[in-house]
Amino acid sequence: RSTTYLHVRLADDSAYADFACRASVTPRTSELTIATGAITATGSYHSVDTEADAASDDLDTISGGTDGMRLVLRASDSGRTVVVKDGTGNIQCGGDRSLDNIQDTIELIYDGVQTAWLEIAFAANGA
């Protein structure tokens with residue numbers, strides 16, 4: 001995390017203010033491999049691979065969330081499909097979401113009251 005200071009002054013020099021601005025970068029934490037339909041999030045950005053490098057695998061449950069935590073997932077390999085399942089475990093999205101390209105992403109937020117991951121955005125960015 002880095003801090004930048006912004007100095008703002010009126011044209012007639014009658015008043016000014018300093019603001020501290022912080023930029024936050026979220027590096028990809030690690031690759032997670034589905035095991036029996038589940039992964040455990042240890043950071044806020046992960047690539048996800050299928051169990052035993054299967055051609056396709058369902059992701060039903062994500063462990064490790066805290067209330068308000070955001071999580072971005074992407075496919076680890078364009079040759080394998082991770083299917084984020086809607087309503088099967090603790091993931092709620094607008095239908096099943098297939099991550100079948102390393103450019104495909106899904107963003108989720110954890111709701112502690114519902115004990116569920118809720119979809120914020122999905123992007124099928126790959127070819």
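The values are calculated or read from the model by the stated rules, or taken from the named source; none is laboratory data. The structure presented is a predicted model; accordingly, all values stated were derived computationally and were not measured. With ligands, DNA and RNA removed, areas are computed over all heavy atoms of the protein, side chains included. Shrake-Rupley method; radii C 1.70, N 1.55, O 1.52, S 1.80 Å.
Just a few scattered comments:
- Computed from phi, the 3J(HN,Hα) profile of region 48-65 under the Karplus parametrisation 6.51, -1.76, 1.60 (θ = phi - 60°) reads 10, 10, 6, 5, 6, 6, 5, 4, 8, 8, 8, 9, 9, 9, 10, 9, x, x Hz, with x in place of Gly and Pro.
- Considering only beta bridges that DSSP places wholly inside the chain, some 60 percent are antiparallel.
- Per residue, the solvent-accessible area of the chain (1.4 Å probe, heavy atoms of protein chains only, all protein chains present) comes to 57 Å².
- Normalising the average separation of contacting C-alpha pairs (under 8 angstrom, six or more residues apart) by the number of residues puts the relative contact order of the chain at 17 percent.
- The base-10 log of I(q)/I(0) for the chain, evaluated at q = 0.13, 0.17 Å⁻¹, reads -0.55, -0.81 [Debye formula, identical scatterers on Cα atoms, solvent excluded].
- Of the solvent-accessible surface of region 79-127, computed with a 1.4 Å probe over protein heavy atoms with every protein chain present, carbon and sulfur atoms account for 45 percent.
- Residue among GLN103, GLN92, GLN114 with the largest mean-square fluctuation in a Gaussian network model of the chain, springs linking Cα atoms under 10 Å: GLN114
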